[in-house]
Number of protein chains: 2
Amino acid sequence: MGRPTRARYAAGQGLSPVPDLLDWPSPTASWGVAIDPSWRTAVHLGVDSFVSAVFDPSAGRLIGPAERMEHLLEEIALADEVGLYSFGIGEHHRSEYYDSAPPVILAAAAARTARIRLGSAVAVLSAADPVRVFQQFATLDLISKGRIDLVVGRGSFTEAFPLFGLSLADYDSLFEEKLDLLLRIRESEHVTWSGRHRPPLTGQGVYPRPVQNPLPIWVGVGGTPESFVRAGLLGLPLMVAIIGGEPRQFAPLVDLYRRAGAQAGHAPEQLQVGLHVFGFVAESAQAAADTIYPGWHEMFTKVSRERGFAAPSRAQFDATSGPDGAFFLGDPDTVAEKLVRVSGQLGGVDRISLQMTNPRLAHADLLRGIELLGREVAPRVAGS
Amino acid sequence: MGRPTRARYAAGQGLSPVPDLLDWPSPTASWGVAIDPSWRTAVHLGVDSFVSAVFDPSAGRLIGPAERMEHLLEEIALADEVGLYSFGIGEHHRSEYYDSAPPVILAAAAARTARIRLGSAVAVLSAADPVRVFQQFATLDLISKGRIDLVVGRGSFTEAFPLFGLSLADYDSLFEEKLDLLLRIRESEHVTWSGRHRPPLTGQGVYPRPVQNPLPIWVGVGGTPESFVRAGLLGLPLMVAIIGGEPRQFAPLVDLYRRAGAQAGHAPEQLQVGLHVFGFVAESAQAAADTIYPGWHEMFTKVSRERGFAAPSRAQFDATSGPDGAFFLGDPDTVAEKLVRVSGQLGGVDRISLQMTNPRLAHADLLRGIELLGREVAPRVAGS
């Protein structure tokens with residue numbers, strides 16, 4: 001199989017896993033997509049956060065929203081310091097998350113950092129006005145001097161729909177139409193456009209214009225095949241949220257994206273793929289599991305209840321944290337190995353962001369996890 | 001008259017002008033409003049900016065938007081450092097201003113500052129969704145640990161209306177309705193509301209909640225009497241934009257606000273008044289005028305052309321910069337004296353923010369102006 005062993009990674013930093021990755025039998029190779037290794041020499045690692053309310057088990061108290069925001073900014077500053085590639089902020093409109101206004105949080109982060117890329121994870125475009133979204137992210141791009149990625153999606157939760165007076169029956173058309181308008185605004189300062197879900201534009205200018213031209217706009221997708229095809233046809237980079245199941249099951253969908261992109265004439269380097277996954281790193285696999293399980297159980301119990309699923313068990317936690325599961329949990333070697341393996345299973349990806357949100361994770365533990373990800377894991381998955 | 005002379009101010013810092021101020025014949029005193037001196041012992045000074053594009057005369061080139069944003073953040077950091085009370089960011093949707101997304105800019109400013117209050121100047125509420133506005137400013141309040149003032153208004157320019165598909169025929173009802181919703185959201189986490197200009201809310205929660213409870217919401221007004229009355233009846237603090245004419249002419253309107261507030265049963269300390277005026281401070285009156293005039297002329301020529309007014313002249317500039325004009329320009333003594341006098345003419349105000357936006361003002365000159373405002377002018381207008 002050519003699969004890298006833990007022993008090989010244990011040899012230390014600077015080892016490039018990329019040749020191994022490309023030696024693997026790629027699930028996409030037999031489906032007619034030629035993989036050009038020259039543009040897939042590194043997996044960039046990042047962190048995503050939903051800025052959840054946290055009950056700090058070490059302090060025995062709930063961290064209030066202002067303190068939580070201060071902690072978040074320290075986390076982002078540390079991610080920048082340890083050389084991580086990106087930090088993303090989600091968007092939710094619920095009492096247990098403090099991320100209803102991601103561009104505002106990202107601006108504070110931009111002022112506190114120097115190199116790290118900052119982005120949404122994801123901005124719920126369906127419920128927003130693309131003019132405002134572009135204005136906010138272009139402003140962010142100015143503040144950060146070109147470090148912004150705007151990742152747009154339909155969102156995993158649905159609470160934005162009633163809050164902004166939208167119907168779930170328009171779930172698809174809202175996103176499609178608003179993405180179309182967003183791309184038009186990116187393309188041209190003055191826009192003429194009309195659609196069903198937003199008043200028309202008749203040549204108005206949208207300001208400011210960003211530093212990056214074009215401002216990177218990624219499409220955030222879950223498991224809907226049509227979403228992968230749409231992103232490919234548009235030639236937009238793809239951010240795949242993998243929050244359950246086995247990551248390798250996404251290979252056919254990622255392939256679908258690449259084939260759609262190739263058929264539409266987009267160059268392979270334009271068809272970047274990123275993954276958004278749950279994960280956490282600690283000194284040992286046992287410490288990682290013990291630190292994460294209480295919050296994982298709380299979070300997934302809540303979501304399962306809302307969505308009518310069975311409550312999660314410790315056995316499920318162990319399975320999802322295992323070699324083929326969707327949770328990237330463990331010591332640096334284990335996580336690095338899994339990241340490289342999953343990237344290979346999906347034909348080589350450009351970025352992976354670990355979502356470390358956990359309502360029972362102490363600030364110090366999260367900082368340590370970020371530090372390990374940056375100092376120990378990232379060098380092992382980065383190309384030379 | 002008890003009017004402070006320049007000679008008295010020239011004696012230096014620490015001189016409290018407040019007793020003089022209260023000795024003046026107040027234009028409001030004869031109209032039945034009792035002024036309680038105990039809650040009006042200081043005029044807090046701030047700076048407002050529209051983040052205009054700048055052609056730097058010393059460098060002979062246009063400052064690009066990313067560099068301009070960096071300069072702005074340096075200006076705000078300096079305002080914080082020299083002890084100014086507040087910094088406000090406008091909202092425009094035009095090519096020559098970079099402030100279409102004020103909460104994003106303010107968040108970066110919050111991360112760069114420690115004490116200064118930050119706010120909008122003004123947020124164009126008529127064209128926005130109050131849910132989003134509250135979410136953004138509550139997030140800002142968390143990031144800044146309670147240093148936010150949300151000043152909402154209808155805006156002086158009208159370009160937001162076509163951009164967001166709104167009709168100027170709804171100019172009044174849009175603002176009134178959205179202000180009503182904004183106040184409901186501030187009052188209660190869960191909101192039930194319906195209106196003409198925004199989909200209804202049926203008990204949805206709006207998050208996050210701010211540090212300050214209540215989040216300060218000011219009403220920004222121009223010269224419309226109804227706006228003064230509305231703010232007074234609601235018991236909301238009032239920010240008066242004085243961009244032309246003579247400030248003392250606003251006395252009857254400010255009095256109208258106070259009378260409306262008193263009649264509605266609001267305590268005097270709740271009925272704060274702030275002024276937003278154009279201004280600039282330099283070492284000498286001559287230097288201030290020479291530095292400011294080219295940009296003033298450019299800015300007002302453009303606005304006059306758009307609004308069908310005659311082009312401005314140097315004589316108008318000199319008049320507006322004089323003792324009774326709306327432009328607070330000059331050396332520290334002159335500006336301090338004028339600020340105190342105008343405050344007195346309006347019955348004593350709580351805050352005055354100098355809008356220093358000028359498309360021909362070099363960054364170094366603007367920094368110097370902020371420093372003089374904070375170190376020289378502010379101590380002369382502050383109560384002991």
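The values are calculated or read from the model by the stated rules, or taken from the named source; none is laboratory data. Bear in mind that the values here come from a model prediction, so they are computed numbers and not experimental data. For neighbour counting, all protein chains shown are included, and Cβ atoms are generated from backbone atoms with ideal geometry for every residue, glycine included. Protein only, heavy atoms only, side chains kept; ligands, DNA and RNA dropped before computing areas. Shrake-Rupley method; radii C 1.70, N 1.55, O 1.52, S 1.80 Å.
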Can you give the convex hull volume of the alpha carbon atoms of chain B per residue, in Å³? 134 Å³
Where the Cα pairs of the stretch B:176-285 fall when distances are cut into 5 Å bins, in %: 2, 11, 18, 17, 16, 14, 11, 6, 3, 1, 1, 0
How many angstrom separate the Cα center of the stretch A:310-384 from the Cα center of the stretch A:84-153? 23 Å
How far is it, in nm, from the label point at B:Leu233 to the one at A:Ala267 when both lie 7 Å from their Cα along the line to the Cβ? 6.3 nm
Estimated vicinal HN-Hα couplings, Hz - the stretch B:241-248 in sequence order (Karplus 6.51, -1.76, 1.60; Gly, Pro = x): 8, 10, 10, x, x, 10, x, 5
Specify the residue with the greatest mean-square fluctuation among B:Pro210, B:Pro323, B:Pro199, computed from a Gaussian network of chain B linking alpha-carbon atoms under 10 Å apart. B:Pro199
Which number do you get for Rg(Cα) / (2.2 N^0.38 Å) in the stretch B:303-384? 1.23
Using a 1.4 Å probe over the heavy atoms of the protein chains, calculate the carbon and sulfur portion of the accessible area of the stretch B:231-384 as a whole percent. 56 percent
Alpha-carbon gyration tensor eigenvalues x 5, square-rooted, for the stretch B:36-168, Å: 24, 22, 15
Amide H of A:Phe87 versus every other amide H placed in the peptide plane: which residues, excluding those fewer than 5 positions away on the same chain, fall under 5 Å? A:Val47, A:Arg117, A:Leu118, A:Gly119
Out of A:Arg61, A:Arg154, A:Arg259, a Gaussian network model of chain A with alpha-carbon springs under 10 Å gives the largest mean-square fluctuation to A:Arg61
Whole-Hz Karplus couplings 3J(HN,Hα) for the stretch A:330-336, θ = phi - 60° and coefficients 6.51, -1.76, 1.60, Gly and Pro as x, run x, 6, x, 4, 4, 5, 4
How are the C-alpha pair distances of the stretch A:228-280 spread across 10 Å bins, as whole percents from the shortest bin up? 28, 50, 19, 3
Taking H placed 1.01 Å from N in the peptide plane, check which residues at least 5 places from B:Ser100 or on another chain put their amide H under 5 Å from its amide H. B:His92
Any idea what the dipole of the stretch A:37-177 comes to, in debye rounded to 20, about its Cα centre with Lys/Arg Cβ at +1 and Asp/Glu Cβ at -1? 400 debye
From the gyration tensor of the Cα coordinates in the protein assembly as shown, what semi-axes in whole Å does the equivalent ellipsoid have, largest first, with each one equal to sqrt(5λ)? 51, 26, 25
Using θ = phi - 60° and Karplus 6.51 cos²θ - 1.76 cosθ + 1.60, couplings along the stretch B:264-273 (whole Hz; Gly, Pro as x): 7, x, 7, 5, x, 5, 7, 8, 6, 10
Just the ratio, please: alpha-carbon radius of gyration of the stretch B:271-329 over 2.2 N^0.38 Å, N its number of residues. 1.23
Interface area, A with B, accessible, probe 1.4 Å, both sides summed, Å² nearest 100: 3500 Å²
Given the options B:Leu201, B:Leu181, B:Leu373, state which has the largest fluctuation in a GNM of chain B using a 10 Å cut-off (strictly under) for Cα springs. B:Leu201
Considering every Cα-Cα pair within the stretch B:128-174, what fraction, in whole percent, is farther apart than 17 Å? 46 percent
Under unit Cβ charges (Lys, Arg +1; Asp, Glu -1), what dipole magnitude, rounded to 20 debye, does the protein assembly as shown have relative to its Cα centre? 440 debye
What nm distances, shortest first, do you get from the label point of A:Ala285 to those in the other copies when the point sits 7 angstrom along Cα to Cβ? 8.1
Carbon/sulfur fraction of accessible area - the stretch A:42-131, other protein chains in place, 1.4 Å, %: 52 percent
Measuring label to label, 7 Å along Cα→Cβ, what does A:Glu187 give against each other copy in nm, shortest first? 4.7
Using only the Cα atoms, work out Rg/Rh for the stretch A:324-370, with Rh taken as the Kirkwood radius, to two decimals. 1.01
Using a basic spin-label model with each label point 7 Å from the Cα along Cα→Cβ, how many nm lie between B:Lys145 and B:Leu183? 3.2 nm
Under a point spin-label approximation (7 Å from Cα along Cα-to-Cβ), what is the B:Asn213-A:Arg375 distance to one decimal in nm? 4.0 nm
When ligands, DNA and RNA are left out and all protein chains stay put, how many square angstrom of accessible area per residue does chain B have with a 1.4 Å probe? 36 Å²
Built amide H within the under 5 Å cut-off of A:His276, gap 5+: A:Val240, A:Ala241, A:Ile242, A:Ser353
